[in-house]
Amino acid sequence: MLQPQRVPSSSPQPQSGEAETAMSGGNTWPVMSQDNFRQLSEYIQLHYGIKIPPVKKTMLEGRLRKRLRILGIDTFDAYCRYLFSRKGINSEFIQMIDVVTTNKTDFFRECGHFDYLVGKALPELSRTGRKIEVWSAGCSTGEEPYTLAMVLTEFAETCKIDFSIVATDISTRVLKQAKSAVYTHDRVEPVPMPLRKKYLLRGKDRRKGLVRIMPQLRAKVQFRRLNLMDRRFSLSEQMAVIFCRNVMIYFDRATQEELLNRFCDHLIPGGYIFTGHSETLHGMELPLVSVAPTIYKKI
């Protein structure tokens, strides 16, 4: 259950001259006031780290309208009152963040990372003789952790390492999809053919064009719901490798630095952090050194 740290004492009212609904072609739909937007965007950034600037107001409004329709709520004022009520805190916050979060991922995305993992990081880490714990932070629908499972399984066949993968996301919706491990053929196109033949199972109904990750690979990945803004990650493992790619782009600079320092607390000395191609750690106070573009090692 979510326990918000700050709940507004009163629900916002539309600004003067600002309608709660709009009409077109005889149909009406709710309109988000500036007060509604400010209340929601500030709360989302405070508790989930996701920065939603004013230019994203239309996007937030459009996504949350789906929740209003499902709940049978007519206005964003009424939605905010419900969201911050005891009932809403217990049931709606998870649904709201599922709608708000953006989930974009692919198998073997930024493939240079996996080349470095196999060619440099894993040979070095395997020499310690320790089990290699890997964390996919912001795993979305599972393509990244299953890619890691393929790569690590292939490496383990020659180097005899033991490994496990923890995959986390804040969205219950994408975690459910990831756990099912079922994908369409177009989603698995980036997977090299030898690995497709080895680790993917065709669905019984060929017309649906679905494949599923093999049980042996699924067993290597443990999915958990986790909010990266939690002060404690509730992870007992000390990670050798952390993949957190194209997640921090939604956070402001101070939040990024704080998050990376907490990642480092869960990283073994000599462990690696992989970030997205548009994310930079330049100028941050971190116990990390750059070993390749968007790849960092704990010192």
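What follows is calculated from the coordinates using simple rules that are stated; it is not laboratory data. These numbers come from a predicted model, not from an experiment. We place every Cβ from the backbone using ideal geometry, glycine too, and count neighbours over all the protein chains shown.
Which net charge results when you count Lys and Arg as +1 and Asp and Glu as -1 among the other residues whose beta-carbon is under 12 Å from that of I249? So the environment of I249 carries a net charge of +2.
By the compact-protein rule of thumb, 2.2 N^0.38 Å, the alpha-carbon radius of gyration of the chain corresponds to a ratio of 1.12.
The local environment of G49, defined by Cβ-Cβ distances under 14 Å, has a net charge of -3 under the rule Lys, Arg +1 and Asp, Glu -1. Cβ crowding within 10 Å, taken as a proxy for footprinting-reagent exposure, orders E237, E144 from fewest neighbours to most as E237, E144.
D for region 52-110, whole µm²/s, Stokes-Einstein with Kirkwood Rh over alpha-carbon pairs at 25 °C and 0.890 mPa s: what number? Approximately 191 µm²/s, per Stokes-Einstein.
Classify region 187-299 from the C-alpha gyration tensor, please: rounded if a/c falls under 1.5, else prolate or oblate depending on whether a/b exceeds b/c.
Verdict is prolate for region 187-299.
The dipole here belongs to the chain: it is taken about the Cα centre, uses +1 on the Cβ of Lys and Arg and -1 on the Cβ of Asp and Glu, and is about 1160 debye.
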